[in-house]
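Below is one structure; the comments refer to it alone.
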Amino acid sequence: MNHIAQNINELRLHIPSHVKIIAVSKTKTVPEIREAIKAGQVGFGENKVQELTAKYAQIPEAQWYLIGHLQTNKVKYIAPFVRMIQSVDSFRILEEIDRQANRYSRVIDCLLQIHIAREETKFGFSEEEAIELLNNDELQSLKHVRICGLMGVATFTDDMEVVRKEFQGLSRFFQRIRRDYFPADPSFCELSMGMSDDYRIAVEEGATMVRIGSLIFGARLYGTTTRNS
Ligand SMILES: *Cc1c(COP(=O)(O)O)cnc(C)c1O
């Protein structure tokens, strides 16, 4: 636990100050999260609604990001407090976020998750599907969500050239969407890509947010692949 602050300080040396670090705290305990907060960490990411809600209840002063797939029936639990939902992957979920945000008189910041990896198991829009959503006239009627950018998860591979190509592709798509759909909207400005193993490449390719778990908190103790969980 003592290493957490050290890890964060070390990480900051490698990440330019304009890039926001989201500390991915899934499976990690409240004392570990508090340790990160003491080191100045503000934003935390969780991939499960139940865990996010439980941790928010104990640490409401942190900023809480959802980075995992969201089911429509669970939006209501996070709508009162979530700082940003990075994993929007359908129009239907965006409509529900809008509906719940309205109930709390909020506007919820969202990123569209784009499927860039080779694995089919990962969630997210294809580029065509994202464009279809942005062309949907009904989008204008959603006053309680703000689309702030894009998020992507690269293929789980040691081949860093594959990862770089995927980040480059996402970065290009981000520029294009900003130019074509948000030319006068400064809030469309976030490109969330990069994790512990590939954040340096992501930053080189234009990430404005990186989502770092194991490099800050140490390895997670469950399961087979940590990337998909
Ligand atoms: C778990 C997770 C991360 C962080 O992974 P690390 O390899 O531990 O840095 C980032 N993004 C998403 C979507 C995740 O599920």
Self-check item: Residues of type lysines that residue 143 reaches as a straight line, Cα spacing below 21 Å, ignoring anything fewer than 8 places off in the same chain
Solution: 74, 76
Quiz item: Where the Cα atoms of segment 10-156 are projected onto their three principal axes, how long is each span, largest first, in whole Å?
Solution: 45, 37, 28
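Taking only the Cα atoms of segment 87-229, how large is their convex hull per residue, in Å³? Can you show the working numbers first?
Values: hull volume 18.7 nm³, N = 143.
Roughly 130 Å³ of hull volume per residue.
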Quiz item: Taking springs between alpha-carbon atoms closer than 10 angstrom, which of 170, 111, 139 fluctuates most in the Gaussian network model of the chain?
Solution: 139
Quiz prompt | Proximal lysines to residue 20, defined as alpha-carbon separation beneath 19 angstrom and excluding residues fewer than eight positions away on the same chain | solution = 38
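If packing is taken as the mean number of other Cβ atoms within 10 Å per residue, what is the order of 146-155, 178-187, 101-110, 210-219, highest first? The partial results should precede the final answer.
Numbers: 146-155: 23.6, 178-187: 11.0, 101-110: 17.2, 210-219: 20.5.
Averaged packing, sorted descending, gives the order 146-155, 210-219, 101-110, 178-187.
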Quiz prompt | Within the accessible area of the chain (1.4 Å probe), percent carbon and sulfur | solution = 49 percent
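When the helices in the chain are scored as -39500 (n - 2.57) per DSSP H run of 4 or longer and the sum is shared across all residues, what 222 nm value do you end up with, to the nearest 500 deg cm²/dmol? Walk me through the numbers on the way to the answer.
Values: 9 runs with 89 residues, N = 229.
That comes out to -11500 deg cm²/dmol.
The values are calculated or read from the model by the stated rules, or taken from the named source; none is laboratory data. Here the structure is a predicted model, which means the values were calculated and not measured. Glycine gets a Cβ as well: all are built from the backbone with ideal geometry, and neighbour counts include every protein chain shown. What goes into the accessible areas is simple: the full protein's heavy atoms, side chains included, and nothing from ligands, DNA or RNA. Shrake-Rupley method; radii C 1.70, N 1.55, O 1.52, S 1.80 Å.
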